[in-house]
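Nothing in this text is a laboratory measurement; each read-out follows from the coordinates by a stated rule. Bear in mind the structure is a predicted one, so any value in this text is a computation, not a measurement. In this analysis, Cβ positions are derived from the backbone assuming ideal geometry, glycine residues included, and neighbour counts consider all displayed protein chains.
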């Protein structure tokens, strides 16, 4: 069997698996050119102490977020550029690399893939090198727990899809729980002063998610 046939067979198997799980993922790439890749490599070296040739990761954790904005367009446009916006003074000193995530889930539950799943995104302090980030449009003013039922269902499907595709994934956390990972093998942050307080994606949302995926035995 030649490489072309193998590729087609593999693609068909993946499509069947996705269809079985009833998940649809739409590719909507953010800007991820050489500048962003170089900034990511610099981030890895500065914060994790690794000098890398590429930005591929081995996912071990899924981190759920909210965007703190009710607009899909605005949420996407915040993640799209390669360099951090000037108003992010809380994290600007750490790096000029813009924040991002592998996935963005709209209010109606539509799942968008923003970048390669196994490339590092800047979405959570200390854990980026081993995690896949899922942003959900909502969390108005970074206070209100307003994520939708459709988003809940889509996050559940996405978690199941990722766990099946990446057996190395063992943990599921909400962004507000990230500091509980300090001291674990996945925590790599070298700067002891680089921390932020988070509330996303809401405790109620995480309780409901965990109840629905408890059969996957994902820890925190």
Can you bin region 109-212 into rounded, prolate or oblate? Criterion: square roots of the alpha carbon gyration tensor eigenvalues sorted a ≥ b ≥ c, rounded for a/c under 1.5, prolate for a/b above b/c, oblate for the rest. oblate
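Highest first, please rank the peptides 186-197, 76-87, 93-104 by the mean number of other Cβ atoms sitting within 10 Å of their residues.
Result, highest mean Cβ count within 10 Å first: 93-104, 76-87, 186-197.
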Going 7 Å from the Cα of residue 38 toward and past its Cβ, which residues in region 68-101 have a backbone nitrogen under 16 Å from where you end up? 82-84, 96-98
Region 24-216 - share of DSSP beta bridges that are antiparallel (%, nearest 5): 25 percent
Summing -39500 (n - 2.57) over the DSSP H runs of n ≥ 4 in the chain and dividing by its residue number, what mean residue ellipticity at 222 nm do you reach, to the nearest 500 deg cm²/dmol? -10000 deg cm²/dmol
So if we plug the beta-carbon distance of residue 146 and residue 26 into 1/(1 + (r/R0)^6) with R0 = 30 Å, what FRET efficiency do we get, rounded to 0.05? 0.85
Please list 55-64, 122-131, 22-31 highest first by mean number of surrounding beta-carbon atoms within 10 Å per residue. 122-131, 55-64, 22-31
How much length is gained if the chain between residue 91 and residue 199 is pulled fully straight, taking 0.36 nm per residue apart and subtracting their Cα-Cα distance, in nm to one decimal? 37.2 nm
Taking the radius of gyration and the Kirkwood hydrodynamic radius from Cα positions alone, what is the Rg/Rh ratio for the chain, to two decimal places? 0.95
